[in-house]
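Here the structure is laid out as structure tokens; the discussion comes afterwards.
The values are calculated or read from the model by the stated rules, or taken from the named source; none is laboratory data. Computed from a prediction, not measured in an experiment: that's the story for all the values here. Because the Cβ atoms are built from the backbone with ideal geometry, glycine has one as well, and the counts that use them run over all protein chains shown.
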Amino acid sequence: MIRILLVLLFLVFSVFFASAQISHHHDDDGHASKYCSTNEVLRELLEKNPEIEPLIEQAESRLEEFTANYTADDRSGNNYIIPVVFHVIHANGTENISDAQIEDAIEVMTKDFTLQNEDVSAVVPEFESLIANVGIEFRLARLDPQGNCTNGIVRVVSNTTFEGGENLKSVSPTWPRSNYLNIWVASDLSSGAAGYTYTPGSVDGPWGSDADGIVIKHSYVGSIGTGSPTRSRALTHEVGHWINLRHTWGGTNDPALPENCNSDDNVSDTPNTIGWTTCSLNGETCGSLDNVQNFMEYSYCSRMFTHGQRTRMLAALNSSTASRNNLHSASNLIQTGVIGSAVLCTVDIGVTKEQICEGDSVVYTDHSYHGVTSRSWTFEGGTPGTASGQEVIVYYHDAGTFDVTLEVENSGGESIIETFENTVKVWPGVGVPLTYTENFEDTEDLDEKWSVINTGTTHPWIIYDEVSGASGDHALMLPNRSLSAGDVSEIWSQPIDLSDTTAEITMTFKYAYARRNPGNNERLMLWVSGNCGESWSLKGIWNNDFETVSYTNSYWIPSSPSHWETVTIDNISMNHLVSNFRYKFQFDSDGGNNIFIDDININGISTVNVIELQNSGSITVFPNPAQGYLNLNINGRQSYTFQMQLLNTVGQTVWAESNLKFGGGTESYIIETSDFGAGVYLLLVETESGEKSVQRVLLIR
């Protein structure tokens with residue numbers, strides 16, 4: 001019986017080609033993994049391609065017949081080697097897992113399939129005699145499909161990472177399945193599962209060539225980084241499916257159902273079971289002790305494959321179904337570069353931050369490959385200026401844009417050197433003062449005041465000089481009409497000094513935006529940082545219906561004041577009142593039209609050089625809160641001329657009076673407040689000698 005389809009009479013309602021690693025186990029973040037939604041995937045596929053159903057049936061039947069007649073050979077320690085490529089789809093978050101985490105995942109898989117996993121000693125005695133060394137080794141590819149040097153890791157920035165699935169495979173296309181095992185890594189899967197894959201027979205035809213491989217959530221990759229030892233066996237489980245294993249309870253994604261006792265996995269030495277989502281080592285569900293520690297269970301205490309499972313997997317690897325037999329061929333191992341001496345071919349570095357403020361540090365990591373034995377760094381403008389370690393912390397004390405040079409050498413004395421220009425941009429530690437205004441009229445080069453973050457998009461933020469409706473004819477523009485769905489575009493401001501400012505900060509800006517069609521689901525976000533961009537707080541998000549004009553398919557440019565919307569942000573908290581405050585705009589594309597930003601203003605009341613009239617007496621303001629009027633008393637010995645201003649929280653003067661005379665002693669002044677709205681105001685008193693006093697007052701109705 002073909003377990004991936006159950007019984008063909010019930011094909012539409014069975015698990016088709018995707019088997020999911022699922023459980024009621026809770027992740028570290030407290031969210032339970034969910035069961036997969038492959039029924040819907042099957043239904044959609046068959047609705048679009050009903051003609052492939054009999055072809056899948058034929059491929060599965062051929063593979064089952066081949067498996068029934070296959071006898072596993074004794075390779076005497078000569079493992080099958082499988083070249084692997086990881087496609088990491090990320091949005092510059094934790095899902096952009098490190099090379100080390102991926103290398104760890106390769107090590108975990110290889111140990112599990114070659115019986116080198118240390119925890120195999122914990123298998124219960126009843127199953128010790130069934131523990132199999134499958135004899136499969138996994139290696140990251142060293143040559144890509146074009147024969148170019150690679151480390152076997154592809155990284156692509158896309159918001160599809162947050163709802164991963166088949167969409168990932170168009171973002172980072174499949175490398176030929178006859179040469180590589182493809183693994184796509186995402187932040188989350190739309191199904192809620194930890195991972196899924198395809199059995200060989202279900203993707204044997206041309207419809208499966210671009211989909212063949214494993215999709216996995218980043219936190220189930222490896223035992224380090226965002227992974228964990230408990231979750232690291234998810235890839236082992238999925239590889240089992242990829243080379244034709246079923247779950248121990250049969251061909252469904254639903255464990256713990258009584259009817260599973262009547263199903264089977266087509267492996268003679270795995271006892272029938274209903275399946276487990278907990279590690280119950282004494283569990284007996286179908287009349288005998290269950291193999292709860294099997295890698296094809298959901299128990300999260302997996303330790304082993306059986307001899308029968310080994311035979312079934314090796315049969316699939318030696319079958320031409322879905323080209324599995326070519327993967328481990330000698331010619332393919334040479335073609336993908338996974339055997340033979342490692343060739344030093346690429347100098348590559350990792351950088352934790354591409355921009356910082358004066359006094360901050362950057363961590364550089366050598367990612368060069370292959371066979372690096374020594375390295376020599378040179379850091380322009382940095383401390384230290386040179387280093388030889390694989391990972392180096394470098395501090396920058398002066399503003400500027402600086403290069404990094406790295407020379408690497410292998411054991412044979414071969415070396416490669418490369419200079420990475422403009423690797424880090426160091427901004428002044430104290431930013432520009434308030435009041436801050438940006439209308440892009442006098443900004444010819446964005447790099448002077450902005451950082452356009454490289455997110456992999458082909459059309460980044462620019463200054464466009466032919467807009468209408470806002471101030472002048474220049475505006476910040478994202479050519480979204482030319483971007484693809486899933487593209488993420490960011491632009492960061494220069495640092496701004498808010499350190500000597502009261503908490504009443506108000507930021508305003510204008511935007512103009514059009515959709516291309518009603519279905520575009522795009523969003524604009526405003527973030528602020530109180531540490532030069534080290535971390536960010538979200539202060540505004542606009543999505544779905546935030547366009548300022550009707551949707552249009554033509555290349556749209558604003559041409560009227562009515563095309564612009566003004567936004568006010570007044571929730572900037574006290575912990576952002578620092579000398580290196582920054583803000584950034586982020587736009588998530590979905591195939592829509594262009595977006596423009598202009599007339600950015602940040603207002604606040606500066607408290608620089610505020611002195612409580614040390615030489616000119618003291619000031620008392622009452623009542624506070626005030627209703628209708630406000631009394632101001634000055635007490636001092638000296639006479640002088642002064643002026644008063646009442647300012648709102650945006651920094652605008654709502655009332656002022658100048659050339660006031662104080663003759664010494666005690667004098668009172670009355671300010672009528674009935675014409676002002678209720679709220680917080682600042683009363684600024686400034687003497688002719690430049691001394692100032694700022695008093696915060698609350699006006700009520």
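Check whether at least one residue in the range 605-615 is at pLDDT 90 or above and not hydrophobic (A, V, I, L, M, F, W, C), and report yes or no.
No, because not a single residue in the range 605-615 is at pLDDT 90 or above and not hydrophobic (A, V, I, L, M, F, W, C).
What's the number of the only condition in (1) farther than 22 Å from Asp590 by Cα; (2) of a type outside the set (A, V, I, L, M); (3) in a loop (DSSP other than H, G, I, E, B); (4) within 26 Å of the chain's Cα centre (by Cα) that Ser579 fails to meet?
(4)
Considering only strands (runs of 3 or more DSSP E) fully contained in the range 139-204, which possess at least 2 residues that are buried (at least 21 other Cβ atoms within 10 Å of the Cβ) and either among the hydroxyl-bearing types (Ser, Thr, Tyr) or in contact with a Pro (Cβ under 7 Å, 6 or more places away or on another chain) (or both)?
195-198
Before we move on, is Glu44 in a helix (DSSP H, G or I), in the same structural domain as Ile153 (by TED's automatic domain parsing) and either at pLDDT 90 or above or acidic (Asp, Glu) (or both)?
For Glu44, the condition - in a helix (DSSP H, G or I), in the same structural domain as Ile153 (by TED's automatic domain parsing) and either at pLDDT 90 or above or acidic (Asp, Glu) (or both) - is not met.
For the range 210-257, which residues satisfy the criterion of being closer than 20 Å to Thr273 by Cβ and without any contact (Cβ under 8 Å) to a residue 24 or more places away in the chain?
Correct list: Ala256, Leu257.
Conditions first: (1) modelled with pLDDT of 50 or more; (2) within 30 Å of Gln586 (Cα to Cα); (3) not in a strand (DSSP E or B). Ile89 passes all but one, so which condition is the exception?
(3)
Which condition does Thr336 not pass, out of (1) of a type outside the set (Lys, Arg); (2) within 30 Å of Cys532 (Cβ to Cβ); (3) buried (at least 18 other Cβ atoms within 10 Å of the Cβ), if it passes all the others?
All conditions are met except number (2).
Mind checking which residues of the range 637-659 are surrounded by 16 or more Cβ atoms within 10 Å (Cβ to Cβ) and over 18 Å from Gln695 (Cα atoms)?
The answer is Tyr640, and nothing else.
When you scan the range 115-129, do you find a residue that is on the phi < 0 side of the Ramachandran plot, hydroxyl-bearing (Ser, Thr, Tyr) and part of a loop (DSSP other than H, G, I, E, B), even just one?
No: zero hits.
Look through the range 516-540, keep the residues that are of a type in the set (Gly, Ala, Ser), assigned to a loop (DSSP other than H, G, I, E, B) and within 18 Å of the chain's Cα centre (by Cα), and return whichever of them is farthest from Trp492 (Cα to Cα).
Ser535
If you go through the range 439-453 one residue at a time, do you hit one that is in contact with a helix residue (DSSP H, G or I) (Cβ under 8 Å, 6 or more places away or on another chain) and either modelled with pLDDT of 90 or more or not basic (Lys, Arg) (or both)?
Among the residues of the range 439-453, at least one is in contact with a helix residue (DSSP H, G or I) (Cβ under 8 Å, 6 or more places away or on another chain) and either modelled with pLDDT of 90 or more or not basic (Lys, Arg) (or both), which makes the answer yes.
Of all residues in the range 303-318, which are part of a loop (DSSP other than H, G, I, E, B) and surrounded by fewer than 24 Cβ atoms within 10 Å (Cβ to Cβ)?
Within the range 303-318, Arg303, Asn318 qualify.
Inside the range 380-452, counting only strands (runs of 3 or more DSSP E) that do not spill past its ends, which hold 3 or more residues that are closer than 20 Å to Leu476 by Cα?
In the range 380-452, 436-438 are the strands (runs of 3 or more DSSP E) which contain 3 or more residues that are closer than 20 Å to Leu476 by Cα.
Could you identify the single residue in Thr641, Thr649, Thr620 that is β-branched (Val, Ile, Thr) and at pLDDT 90 or above?
Thr641
Where the second residue is outside any helix (DSSP H, G or I) and among the hydroxyl-bearing types (Ser, Thr, Tyr) and the first is within 22 Å of Leu245 (Cβ to Cβ) and lies in the range 45-71, which pairs have Cβ atoms under 6 Å and are six or more apart or on separate chains?
Close Cβ pairs (under 6 Å, with a partner that is outside any helix (DSSP H, G or I) and among the hydroxyl-bearing types (Ser, Thr, Tyr)) amount to Leu63/Ser319; Phe66/Ser319.
Do we find that Thr252 is assigned by TED's automatic domain parsing to the domain that holds Tyr196 and either over 24 Å from Glu60 (Cβ atoms) or modelled with pLDDT of 95 or more (or both) in this structure?
Criteria not met by Thr252.
Name the pairs: first residue in the range 517-545 and under 26 Å from Pro428 (Cα atoms), second residue part of a strand (DSSP E or B) and among the acidic types (Asp, Glu), Cβ to Cβ under 9 Å, at least 6 apart or on different chains?
Partner pairs satisfying both residue conditions: Met525/Asp588; Trp527/Glu490.
Would you say Gly192 is modelled with pLDDT under 95 and at positive phi?
Spelling it out, Gly192 is indeed modelled with pLDDT under 95 and at positive phi.
Could you grab me the full set of residues in the range 660-677 that are of a type outside the set (S, T, N, Q), closer than 25 Å to Thr501 by Cβ and either surrounded by fewer than 12 Cβ atoms within 10 Å (Cβ to Cβ) or in contact (Cβ under 8 Å) with a residue 40 or more places away in the chain (or both)?
Residues satisfying the conditions are Ile671, Gly677.
Mind checking whether some residue in the range 276-299 is modelled with pLDDT under 95, under 30 Å from Ile224 (Cβ atoms), surrounded by fewer than 24 Cβ atoms within 10 Å (Cβ to Cβ) and of a type in the set (Gly, Ala, Ser)?
yes
Hey, among Arg233, Arg246, which residue is at pLDDT 90 or above, of a type outside the set (Ser, Thr, Tyr) and either farther than 28 Å from Ile56 by Cα or not assigned by TED's automatic domain parsing to the domain that holds Gln309 (or both)?
Result: Arg233 is the single residue among Arg233, Arg246 that is at pLDDT 90 or above, of a type outside the set (Ser, Thr, Tyr) and either farther than 28 Å from Ile56 by Cα or not assigned by TED's automatic domain parsing to the domain that holds Gln309 (or both).
Considering each residue of the range 477-515, count those that are closer than 18 Å to Tyr551 by Cβ, within 23 Å of the chain's Cα centre (by Cα) and either outside the structural domain of Thr568 (by TED's automatic domain parsing) or not in a loop (DSSP other than H, G, I, E, B) (or both), and give that number.
3
Just to check your reading of the model, which residue among Ala186, Ala193, Ala211 is under 27 Å from Gly308 (Cβ atoms) and not polar (S, T, N, Q)?
Testing whether each residue is under 27 Å from Gly308 (Cβ atoms) and not polar (S, T, N, Q) leaves just Ala193.
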